[in-house]
Amino acid sequence: MESRQSFAASTPIDCVLQFAAADAPDAEGRYACFAARASGLFRSQDYGQSWIPAYASLGASEPLPTSSVVLAPDFKRDRTVFAGLNGAILVSRDGGVEWQRGHLPSPLPAISALATSPNYEEDETVFAGTAEDGVLISQDSGRKWVAWNFGLLDLNILCLGVSPDFGLDETIFAGTESGLFRSTNGGRAWREVPLPMGFDPVLALAVSPRFARDGVLFAGTENNGLFVSADGGRAWQGLAATASVGPVNQVLIDAGGDRRRLMILLGGALIRSRDGGKTWQTCKEQVPGDCSITAALALDDAERSVLIGYEDGSIARFRAGRRQNRTRSTRGRRARA
Amino acid sequence: MAKEMSSRQIPGVVFQPRTSAGMLGGIDRLVAAIRPTLGPIHRNVLIEKESKLGLPELLDSGAIIARRIIQLPNRDEDMGAMYLRQMLWAMYESAGDGTASAALIFDRIYREGLRYVVTGGDAMRLREQLESAIPMILDQLAGMARMLEGKEQLARLAETICYEPELAGLLGEIFDIIGEFGRLDVRASQGRKMEPEYIEGMYWAGGMLSREMASDRASGRAELEECAILASDLEVTEPTAVIHCLETAAQAGAKSLLLIVRSVSERALSVLLMKPNQNALRVAAAKAPGDSSDDQREGLEDLSILTGARPLLQATGDSLSAVKTGDFGWARRAWADQYQFGISGGKGNPRRLRQHIAALRAALAHNDDLQARRRLRERIGKLLGGSALLKIGHPSPITLQARKELAERTAEAMRGAMHAGVLPGGGTALLACQSQLEEKAHEAQDPDERAAYRILAHAVEAPTRALLENAGEEPNRILRRLAEADRRCGYDVVRHRVVDMVEAGIVDSAAVVAEEAVRAIRGAALALTVDVLVHRSKPPLAFHTT
């Protein structure tokens, strides 16, 4: 196991907030990944083994804290990346090299979450959650954004979850500071989704890849652990083992749709269940003595790789449960004006 | 007693059998005017305007047709007609739809009930038995109800009410967005088309107190961003109070301020409009919403929860000169024009807002008063954060007005359906109750009870029968086929076949069907107990029906 070296963060809090990765390598065999951090957006072409700043072309003299990042579903062909910042949504159409600003409503919103429609290739629809302005929708691949908040009684969006069958069911969920909302008309109107514990921030959402058939959806909360619904969000059951331990900041579900296999970020630690949440084990990727984990991403490769982001801004890649490397020096390669 | 009095022939007082014959005649005439309007294949009624300068009205709504008939020449018949008219109008105001069906059910119950009473039955006991069957019918209907989801289902519901595919599609889309409580304004427009418009945020009636505050002189509208909100019903007279308010807002970090007050004096207004003040802090002042003190109090309460403001009220001795930084609410955007002001992105506590809306919904569920329900619904609609405007255009003024009323009526009926669900349409749901009513009639020992169930079993097929007749079908043949089919099946008069009505998208609002049954049964049952009519010595103005 590698030993950790201590270092100073370039910004007061420089944690990894979110990862995004392509499902498959591009024509040159490169595996693209992105990491959104308080010090900006970082790009990797080798599935997280090494990282470079993605905003180099912007020539910014100050870091551009980035809260969220998402790739177009068919990134291999499309090469489109969306990045959410405070007051801006940046769009790249060449895999994260050149960036353009999307047109946002005034006053400029702080972006907290991003999600694309699974049908993006046809509908060009992208959703953005914001800190005070609810949900913004773009229907032209991120060029222009408008707010659609009918019925959205809490405009502080913490996370988004889009149905894999969005093209048919137009269903999207928004986790907010006070709970959960659902839209069944593509985000044009929202309805409250009552949760058993009443009001609690919903920090993370994960929708089953087979949602149209199984209606399974997970919601991670700040104070009451993880909840699961098997009927599209109407009725919910709390997974007791996760309650009162800490906030559930992320939920990862099996890409094959096996709802028994889950990973969650619970109170800064990564834990795994193989029985649908009844019992949990600490992940092999969780190294004792490590600082808190702030983001995780299971890569879609044969080696079951996992990218882990830490609160100190470092990123590690694990293959089959073993850490391959831990990158710390990404902050030093910022472009200068 | 009544027979003794009739022998003395008291002027203006009518006794049996003339009472029932008169009432039945009036009810029949009114129902005859309404019956042709039922169903997707129906006819209209053209009503002459009182003034020669006005255009005649083209109507297909049972309640409005009834309302236009203000008097029949025969005064006994007039009493019957006006009795039914009042019931239909109350139904229209409450549910917005179902009046033609209610009229037909009423007519059937009254006619057959009268036959029973005339042959020796007890009217009061019959009334009791008729009303005691209501819970059974409502249970049957509730068991068949299904909730609506999505704009396609809502559009299909709208089409069964208005029979206009284009209007139905628009209303389906609108209600899919604004929901059951959402605010919808239907307005006549200059063009030829119908089109919806969606307005984000909440807005209230209460115009800007001075056009000088407008940031866009052409539109007369003030637009503010990241603004503080002061919500009050104060009458601002002193410039010093205004200055204190502005200074406090600036201390609170506001770049702009929306001041909501009952009124502002010229002196105080001049302070607000002074250029240095406007440069330091953009201010727009708007009139507090609501005409009555209750409306104002409610409007300010809603505004306060939405924005996190503390409402300043005259009744509690608040004044502008004592305002503190914590009294302001906040919003991402606010605007005001000559007629209204609005807010989007209110920064009040979202949990408190959700609790407040839940409390208003609970109050709505437990309130029977029509006006109070409307007010509660409007408040909830505003707080949900958006509204829709449906603009309707047509070259013919008569058709334009008819379409506007149709849209409003359909919207009202749709709200009920979204709340309580839908039932198989075309009268199918009530027809499905027939078998159980016949069974009850068969089991009943008491003759009045037996009569009541028999009468109701006949009455519940009245709407379907009329609908089939209007479409040119032979009702008895089709009713026999439906008796053998599943209870969800009805007859699609457009495609001429028996179908599962819900699957086929032919649905009725469950709330409307329930209400038409209840009102018709109760109304007819009560009418059966009327033995004496008393006419005024001076009759009101006559309206001739020919």
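The values are calculated or read from the model by the stated rules, or taken from the named source; none is laboratory data. Everything quoted here is computed from the prediction, not taken from an experiment. Because the Cβ atoms are built from the backbone with ideal geometry, glycine has one as well, and the counts that use them run over all protein chains shown. Only protein heavy atoms, including side chains, enter the accessible area calculation; ligands, DNA and RNA are left aside. Shrake-Rupley method; radii C 1.70, N 1.55, O 1.52, S 1.80 Å.
General remarks:
- Debye, to nearest 20: dipole size of chain B, +1 on Lys, Arg Cβ, -1 on Asp, Glu Cβ: 780
- DSSP loop GluC sites (Glu not before Pro) with at most 10 other Cβ within 10 Å: longest gap in chain A: A:29-337
- Using only side-chain charges placed at the Cβ, +1 for Lys and Arg and -1 for Asp and Glu, the dipole size of region B:304-348 relative to its Cα centre rounds to 220 debye.
- Residues B:S292, B:S20, sorted by accessible area with the largest first, give B:S292, B:S20 [1.4 Å probe; ligands and nucleic acids excluded].
- Accessible surface ranking for A:H103, B:H366, 1.4 angstrom probe, highest first: B:H366, A:H103.
- Less than 5 angstrom separates the built amide H of A:L17 from those of A:A36, A:R37, A:A38, all sequence-distant by 5 or more or on a different chain.
- Of the Cα atoms belonging to chain A, the radius of gyration and Dmax stand at 18.6, 53 Å.
- Counting only protein heavy atoms and a 1.4 Å probe, the protein assembly as shown has 44 square angstrom of accessible area per residue.
- Scanning chain B for chymotrypsin sites (Phe, Trp or Tyr not before Pro) that sit in a DSSP loop and have at most 16 other Cβ atoms within 10 Å, the longest stretch containing none of them is B:1-338.
- Accessible area in the full protein assembly, largest first, 1.4 Å probe, for A:S244, A:S229, A:S50: A:S244, A:S50, A:S229
- Annotation: aspartates and glutamates with alpha-carbon distance below 17 angstrom to B:K440 (same-chain offsets under eight excluded): B:E128, B:E131, B:D139, B:D448, B:E449, B:E461.
- Expressed per residue, the C-alpha convex hull volume of region B:286-327 stands at 81 Å³.
- Per-residue HN-Hα couplings for region B:472-477 [Karplus 6.51, -1.76, 1.60; θ = phi - 60°; Hz; x = Gly/Pro]: x, 8, 8, x, 4, 5
- Placing unit charges on each Cβ (+1 for Lys and Arg, -1 for Asp and Glu) gives the protein assembly as shown a dipole about its Cα centre, and among B:L383, B:A188, B:V31 the Cα reaching farthest toward its positive end belongs to B:L383.
- Only helices enter this figure: runs of n ≥ 4 DSSP H residues, each worth -39500 (n - 2.57), summed and divided by the residues of chain B, yield -16500 deg cm²/dmol at 222 nm to the nearest 500.
- Computed accessible area, B:K440, all protein chains, 1.4 angstrom probe, square angstrom: 70
- Per principal axis, descending, Cα span of region B:74-207 in whole Å: 63, 41, 32
- Against the main long axis of the alpha-carbon atoms of chain B, helix B:434-443 sits at an angle near 50°.
- Only helices enter this figure: runs of n ≥ 4 DSSP H residues, each worth -39500 (n - 2.57), summed and divided by the residues of chain A, yield -500 deg cm²/dmol at 222 nm to the nearest 500.
- Debye equation applied to the C-alpha atoms of chain B, log10 I(q)/I(0) at 0.07, 0.13 Å⁻¹: -0.53, -1.20
- Relative intensity, log₁₀ I(q)/I(0), of the protein assembly as shown from a Debye sum that treats every alpha carbon as a point, q = 0.05, 0.07, 0.08, 0.11 Å⁻¹: -0.39, -0.71, -0.88, -1.27
- Of the residues A:N185, A:N156, A:N249, the one that moves most in a GNM of chain A with alpha-carbon contacts below 10 Å is A:N185.
- Beta-bridge orientation, chain B: approximately 65 percent antiparallel, per DSSP, counting only bridges with both partners inside.
- Heavy-atom accessible surface that A and B bury in contact, both chains counted, 1.4 Å, Å² to 100: 2400
- Cβ charges +1 (Lys, Arg) and -1 (Asp, Glu), total dipole of the protein assembly as shown, debye: 920
- Burial of accessible area (probe 1.4 Å, heavy atoms of protein chains only) in region A:101-117, relative to its chain alone, reaches at least 20 Å² for A:S106, A:P107.
- Under-5 Å amide H pairs with B:A188, H placed in peptide plane, nonlocal only: B:I392
- Unsatisfied cross-links (Cα-Cα over 30 Å) in the set A:K144/B:K382; B:K49/B:K151; B:K49/B:K404: B:K49/B:K151
- The alpha-carbon positions of region A:4-144 define a convex hull whose volume is 115 Å³ per residue.
- DSSP-assigned coil residues among GluC sites (Glu not before Pro) in region B:35-115, each with at most 14 further Cβ atoms within 10 Å: B:E48, B:E50
- Placing unit charges on the Cβ atoms of the charged side chains and taking the dipole of region B:104-203 about its Cα centre, the candidate lying farthest along the positive direction among B:M144, B:G201, B:I177 is B:M144.
- Accessible area of B:K382 in the full protein assembly, 1.4 Å probe (Å², nearest 10): 40
- For region A:51-202, the residue among A:S92, A:S67, A:S57 whose Cα projects farthest onto the positive side of the dipole built from Cβ charges is A:S57.
- Amide hydrogen neighbours beyond the local backbone of B:V283, cut-off 5 Å, H modeled: B:L257
- Counting only protein heavy atoms and using a 1.4 Å probe, the accessible area of B:E503 comes to about 130 Å².
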